[in-house]
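A quick write-up on the structure given underneath.
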Amino acid sequence: MDYKRNAIYFTPPPGPFADFGAGWLGWDPATGQRPPAPDIAGLPAAREDITATPRKYGLHATIKPPFRLADGQSVDALNGALRDLCGQLDTIRLDGLDCAALGRFLALVPCGDTTALDTLAARVVRDLDRFRAPPSEAELTRRRAGGLSPSQEGLLTQWGYPYVMDEFRFHITLTGKLPKAQTAAVREILEPHITPLLPRPFTIDALSLMGEDDEGVFHLIHRHALSG
């Protein structure tokens, strides 16, 4: 398959947590299927609407944001470079994951000291940047539309995305932006279903190369173990 863009994500390994997340969002990038939805009663809006924005990405946390390949680069070369890099990176263990409201959307955020995780993400962004084509003017305009701080503007210029390096915050997105009145309600209803499935401790032992198809949906290309 040809891909419009590629990205480096954390994706959970196969198991109950990954299965629930795929069903909740309505997309499994590992299988390329739309799995059955979990039975969750009482949501203030249709699950399909609550999860419409993050659905195309699948259950993931962004490490290196989506980018077009630079001239002369290929998915195979990127995959090989990610494999080699993962061979130098150590597994990261954190206390766990918690469901939290980040502004108007819900996400899973790590518990404990994230210094090692932040360092890993920065290295992936930096070491694989030779594969990234510069963003188009349309992409830059879209990123700036919501307003950026001077630091974020500098990161956008250097790395093609404003929320990397010092602005990076690891999170696994569960919803799109919700009306303020719905955020707490969705969290209250969702937490009892997802909390028992969350890993404790939470281990990051692999990184995933992803590809975006012509319809804007992301697929897992390869999941590489961290073996440093």
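Derivation of every value follows stated rules applied to the coordinates shown; laboratory data play no part. In this text the structure is predicted, and so the values were computed from the model without any measurement. Every residue, glycine as well, gets a Cβ built from its backbone with ideal geometry; the counts of neighbours run over all protein chains shown.
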Notebook entry, point to check: Regarding the chain, what are the three Cα extents along the principal axes, ordered largest first, in Å?
Noted result: 51, 39, 37
Notebook entry, point to check: What is the fewest-to-most order of T141, T91 by other Cβ atoms lying within 10 Å of their Cβ?
Noted result: T141, T91
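Taking square-rooted eigenvalues a ≥ b ≥ c of the alpha carbon gyration tensor, is the stretch 98-138 rounded, prolate or oblate, where a/c under 1.5 means rounded and, failing that, a/b exceeding b/c means prolate? Could you put the intermediate results ahead of the total?
Values: a/c = 4.66, a/b = 1.45, b/c = 3.21.
Verdict is oblate for the stretch 98-138.
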Check: How much space per residue, in cubic angstrom, does the convex hull of the C-alpha atoms of the stretch 44-110 take up?
Finding: 133
Check: What translational D, rounded to a whole number of µm²/s, comes out for the stretch 18-67 from Stokes-Einstein when the hydrodynamic radius is the Kirkwood one over Cα pairs, at 4 °C and 1.567 mPa s?
Finding: 112
Next item on the list: Once you've got the GNM for the chain with C-alpha springs shorter than 10 Å, pick whichever of A100, A138, A116 has the biggest mean-square fluctuation.
Entry: A138
Note to self: Per DSSP helix of 4 or more residues, -39500 (n - 2.57); summed, then divided by the residues of the chain. What does that give at 222 nm, rounded to the nearest 500?
What the structure shows: -9500 deg cm²/dmol
Check: About the Cα centre of the chain, what is the dipole size in debye to 20, counting +1 per Lys and Arg Cβ and -1 per Asp and Glu Cβ, all else neutral?
Finding: 320
